[in-house]
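Comments concern the structure below.
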Amino acid sequence: MTTLIHFPVCTLVKHNALKRSRGMKTWSLLTLLLFTATVPQVTLADSRAPLVALASSFRDLWPELSQLYTEQTGQQAPRTSFASSGLLSTQIRHGAPFELFLSADASTVVSLHEAGKTRDEGTVLALGALSLVSLNTNAAAENASSAPQDAGMSLLKSRLENQQAFRIAIPNPEHAPYGKAARESLQYHNTWPLPGGYLLNAENAAQTFQFALTGAVDFAIVPDTLLHKAPPGLSVWPLPAESYDPVVHTMVLLDSAGSAAEQLFSWLQGTTASAVLARHGLSPAN
């Protein structure tokens, strides 16, 4: 005898309804994930602290700028990365997610704009200056009766003429704008090229200054922006402005810049920021 098994119609209906319900839930979940992966990211990017690429000559003055910016605007302190302008430019070309770039020269910014990485050719922020420095106490003593501006370079030239061994550090001219300017000043004073073993190329301006402060070198040519907290024993001789091409500090918004970076960009052009820049040896461009 064959037994027939009957499935209640209500059970089949419930099964089909459950399948439809699960399908709708799956579709809703996929839709939510797609929406989350697109629109909310823009809002999130705009709310983050902007990621700023800074030439190393800004290292000493940036903490003061950052603190004043947060106090006056209520915004988060910018996230920062310091290096030479040339190295930062290379990182940006290769996709580094910076939103704002503060370079120590205009040419790197123009080059990035031509490569389609920036919104425009940038805004000039200020002009930089260079000084020859030494922590060597003998250098300070030899310099005592000389004219302030020429004394350091005269001492350096005298040692060269007498074939006295010494070491001088400059930022690497191949990718550091202040290094290029330092080389130009040495050429202007007829002290370039230096004999083998005399020159130490640092990675950037900040490292050059560290070499001078630790006594690793006898002389160094550094941006005045780094001299704000120079120790009392450091001899400082400003280099004549006509001995090198102007060091034009330029800032620019990258294509990926959000509203927070735009706000910082505008604030840096204001009177508060200008006063900080001036205290740290940067002069107005106009």
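The values are calculated or read from the model by the stated rules, or taken from the named source; none is laboratory data. Bear in mind the structure is a predicted one, so any value in this text is a computation, not a measurement. Every residue, glycine among them, receives a Cβ derived from its backbone with ideal geometry; neighbour counts consider all protein chains shown. Quick note on the areas: whole protein, heavy atoms, side chains included, nothing else; ligands and nucleic acids left out. Shrake-Rupley method; radii C 1.70, N 1.55, O 1.52, S 1.80 Å.
What full-extension length gain, to one decimal in nm, is calculated for E114 and S158 as 0.36 nm per residue of separation minus the Cα-Cα distance?
Numbers: separation 44, 0.36 × 44 = 15.84 nm, distance 4.51 nm.
The E114-S158 span can extend by a further 11.3 nm.
So with the 1.4 Å probe, I'd like the accessible area per residue for segment 231-286, rounded to whole Å².
43
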Original post:
How much FRET efficiency would the formula 1/(1 + (r/R0)^6) give for D255 and T214, where r is the Cβ-Cβ distance and R0 is 41 Å, rounded to 0.05?
Top reply: 0.55
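Sorted by packing (mean other beta-carbon atoms within 10 Å per residue), highest first, where do 231-240, 169-178 land? Write out the running numbers ahead of the final one.
On the way: 231-240: 15.1, 169-178: 24.6.
Highest mean packing first, the order is 169-178, 231-240.
Classify segment 42-114 from the C-alpha gyration tensor, please: rounded if a/c falls under 1.5, else prolate or oblate depending on whether a/b exceeds b/c.
Values: a/c = 2.40, a/b = 1.35, b/c = 1.78.
Oblate is the answer for segment 42-114, as a/c is 1.5 or above yet b/c matches or exceeds a/b.
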**OP:** With θ set to phi - 60°, apply the Karplus curve 6.51 cos²θ - 1.76 cosθ + 1.60 along segment 185-200 and write out the HN-Hα couplings as whole Hz, x wherever there is a Gly or Pro.
**Re:** 5, 5, 5, 4, 8, 6, 10, 10, x, 7, x, x, x, 8, 9, 10
